[in-house]
Amino acid sequence: MGWNEYFANHFTPYAEQGFSVGRITLEHKRIYRLWSEHGELLGEVTGKLRYEATGREDFPAVGDWVVISARPEEKKASIHGLLPRKSKFSRKVAGDTVEEQIVAANVDTVFLVNSLNNDLNLRRIERYLILAWESGANPVIVLSKADLCDDLDACMAEIESIAIGVPVHVVSAEQGEGLDQLAPYLGEGQTIALMGSSGVGKSTLINKLSGAEMQKVSGVREGDDRGRHTTTHRELFRLPSGALMIDTPGMRELQLWEADEGFRGAFDDIESIAETCRFNDCKHMREPGCAVQAAINDGSLEKARFDSYLKLQRELAHLARKEDARLAAAERDKWKKLNVQMREKKPKR
């Protein structure tokens, strides 16, 4: 199930108290399905955990290892806490709310699935790469529906120009082609998350890799090749190889979350060029000796990629300002709770 020494070391204090451990495979309205030594159980968080939580990130997500007290005879468990995550793929929740949504936790590899049809979008891939690098997992780009591509070499060149150092694999799950390229990532105990828009072939891919109809599939819309939502929730599956795979719904909205390291990883080419500018505080606009503008002028850097770099940089800066305000409010709420607890414990005269 992906258990290793890292989690075992963190679990030791809980084991001494008589607790057991489980891994979240499915989340549905704060009811969780989990795997444990007692088999598959339904879990609910305790009132204490719910009370102490300051945001969504404090609740279990698919892939999390959780501390439980099991009731095997009822096939249920109480979830008392989370073990520290090795990695987490997060985005900002949809809409105006400034809050983290953890899509998948404790992932070793993220398969960024993109279809080689009219829905192929380089700017969307850049967003996925930022969040994948930030997650702590290793990103791998999987180009699906290779049988629908008229000019594979041109598509590969475009993608490789924005995915510096990221492995890129071309597959056709429907035809069963190229799947052997993914085998090195699917070792026993390895956890892989499938990320991508609706209709790119994530469910078809997991069905082919598992050798069974694990997920429903549906076609794409005519005209724009956009997918219809088939997968409606995140779920962890076990593959015949012993690997664990998390399938996720297609994301209509992929808003960035905190991603300093991820941003640098996704735009390492531009960051490297910027280091050679004449001035350290170069804004890369009209300053003399700007290496970035020189690269755009000589064609070694696409202007569209630089424009995307600036846009995503502004988005992260805006998010950081809103997050600072949210954290300040959360800190005030925390002290209010503590003051209430202290007053309740204070002996009455």
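The values are calculated or read from the model by the stated rules, or taken from the named source; none is laboratory data. This is a predicted model, so every value here is computed, not measured. In this analysis, Cβ positions are derived from the backbone assuming ideal geometry, glycine residues included, and neighbour counts consider all displayed protein chains. Note: accessible area is taken over every heavy atom of the protein model, side chains too, but ligands, DNA and RNA are not part of it. Shrake-Rupley method; radii C 1.70, N 1.55, O 1.52, S 1.80 Å.
Some observations on this one:
- Among residues of the stretch 300-321 that are closer than 12 Å to R127 by Cβ, those with a Cβ under 8 angstrom from a residue that is among the small types (G, A, S), sequence gap 6+ or separate chain, pair up as L316/A259.
- Search result, residues across the stretch 175-196 that are of a type in the set (G, A, S) and buried (at least 20 other Cβ atoms within 10 Å of the Cβ): A193, G196
- Scanning the stretch 270-318 for residues that are under 15 Å from I130 (Cα atoms), of a type in the set (G, A, S) and either surrounded by fewer than 17 Cβ atoms within 10 Å (Cβ to Cβ) or in contact with a strand residue (DSSP E or B) (Cβ under 8 Å, 6 or more places away or on another chain) (or both) yields a count of 1.
- Pairs are defined by a Cβ separation below 6 Å, a sequence spacing of at least 6 or placement on different chains, a first member in the stretch 147-174 that is at negative phi and in contact (Cβ under 8 Å) with a residue 60 or more places away in the chain, and a second member that is in a helix (DSSP H, G or I) and open to solvent by 60 Å² or more (accessible area, probe 1.4 Å); the pairs so defined are I164/D268.
- Considered as a group, the residues in the stretch 134-148 that are farther than 14 Å from E174 by Cα and assigned to a helix (DSSP H, G or I) include one that is most open to solvent (accessible area, probe 1.4 Å), and that residue is E134.
- First in the stretch 275-295 and under 16 Å from L310 (Cβ atoms), second anywhere and open to solvent by 50 Å² or more (accessible area, probe 1.4 Å) and among the polar types (S, T, N, Q), Cβ under 7 Å, 6 or more apart: A291/T276
- Within the stretch 10-68, tally of residues that are outside any strand (DSSP E or B) and either over 24 Å from the mean Cα position of the chain (by Cα) or among the aromatic types (F, W, Y) (or both): 17
- Residue match in the stretch 149-160 (condition: open to solvent by less than 50 Å² (accessible area, probe 1.4 Å), under 30 Å from R264 (Cβ atoms) and assigned to a loop (DSSP other than H, G, I, E, B)): no
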